[in-house]
1. Can you name the residue in the range 176-194 that is at pLDDT below 90 and open to solvent by 100 Å² or more (accessible area, probe 1.4 Å) and, of all such residues, is farthest from residue 122 (Cα to Cα)?
2. What number goes with the only condition from (1) closer than 29 Å to residue 15 by Cβ; (2) part of a helix (DSSP H, G or I); (3) more than 13 Å from the chain's Cα centre (by Cα) that residue 171 does not pass?
3. If the requirement is being in a helix (DSSP H, G or I), open to solvent by 20 Å² or more (accessible area, probe 1.4 Å) and β-branched (Val, Ile, Thr), which of these qualifies: 158, 128?
4. Within the set of pairs 6+ apart or on separate chains, which have a first residue in the range 79-91 that is of a type in the set (Gly, Ala, Ser), a second that is open to solvent by 20 Å² or more (accessible area, probe 1.4 Å), and C-beta atoms under 9 Å apart?
5. How about the range 42-88: which of its residues are out of contact with any helix residue (DSSP H, G or I) (no Cβ under 8 Å at 6 or more places or on another chain), part of a helix (DSSP H, G or I) and either open to solvent by less than 30 Å² (accessible area, probe 1.4 Å) or under 15 Å from residue 152 (Cα atoms) (or both)?
6. Go through the range 66-121 and give me each residue that's under 19 Å from residue 44 (Cβ atoms) and among the β-branched types (Val, Ile, Thr).
7. For residue 105, are the conditions met, namely being of a type in the set (S, T, N, Q), open to solvent by 90 Å² or more (accessible area, probe 1.4 Å) and at pLDDT 95 or above?
8. Mind checking whether some residue in the range 89-101 is under 17 Å from residue 152 (Cβ atoms), open to solvent by 60 Å² or more (accessible area, probe 1.4 Å) and at pLDDT below 95?
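The values are calculated or read from the model by the stated rules, or taken from the named source; none is laboratory data. This one's a predicted model, so the numbers in the text were calculated from it and none came from an experiment. Because the Cβ atoms are built from the backbone with ideal geometry, glycine has one as well, and the counts that use them run over all protein chains shown. Keep in mind that these areas ignore ligands, DNA and RNA; they rest on the heavy atoms of the full protein, side chains included. Shrake-Rupley method; radii C 1.70, N 1.55, O 1.52, S 1.80 Å.
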Amino acid sequence: GTSEEHLETYQYALKDALRSGWKIYDRESLQHSLNKLLSTGERSEYQKTIQSMIENGLMDMTEEELIAQVQNQNGDEEEFRFLYRSYQCLGKKALDGWDYCRALQVLGDCYQTGYISLEECLDRSLVIAKKLQSTFSSWEEVAKSYLYGHFYHKRDHIATEWCWNLYEELKSSENNPYQIPYDTPLTDTWNKTL
């Protein structure tokens, strides 16, 4: 995705980001980080919290009732509002898109740095893309899930809103990827033998 003259600088920056953000510095460390991201990711802690809220009857309340109770107990109103809204929108899978999309990004970055081949990147990405496609019903749901995860991870409304605006801008552009039907069959087209 970059010109030949900037490739070395770009690869260095990607390697640095993978090392500092994911503790990935080669193919083996990619496997460890990817397994963790795909098996638990950030969605695991979110789902535990949501399950606790369900068991305590908090998800049976209206949002206003929940916030009133949180205020009476000096809880974090913003956090509970987020948890309530994300669960009402997408249920327990509200952060799955965040983890799966980040896994796809990590694979792409690892290909660009030379840690894995293009074929391995595509093979692994296909499995994750199929999981995404079976978990959500539309590009819009994937985008919402990704942004719920973004907020859960960063706790930054402004950055999350900025990302949503980028999604809306991209979606309205002439050659946007969201024109491809969400239910397009995902198949391996790169390992075909003649």
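1. Across the range 176-194, the extreme among qualifying residues is 194.
2. (1) is the only condition that residue 171 fails.
3. On the way: 128 fails: open to solvent by 20 Å² or more (accessible area, probe 1.4 Å).
Of the residues listed, the single one that is in a helix (DSSP H, G or I), open to solvent by 20 Å² or more (accessible area, probe 1.4 Å) and β-branched (Val, Ile, Thr) is 158.
4. From residues that are of a type in the set (Gly, Ala, Ser), the pairs are 86/144; 86/148; 86/152.
5. 44, 45, 48, 78, 79
6. Residue satisfying the conditions is 106 alone.
7. Values: of a type in the set (S, T, N, Q): yes; open to solvent by 90 Å² or more (accessible area, probe 1.4 Å): yes; at pLDDT 95 or above: yes.
Judged against the criteria, residue 105 is a match.
8. No, because not a single residue in the range 89-101 is under 17 Å from residue 152 (Cβ atoms), open to solvent by 60 Å² or more (accessible area, probe 1.4 Å) and at pLDDT below 95.
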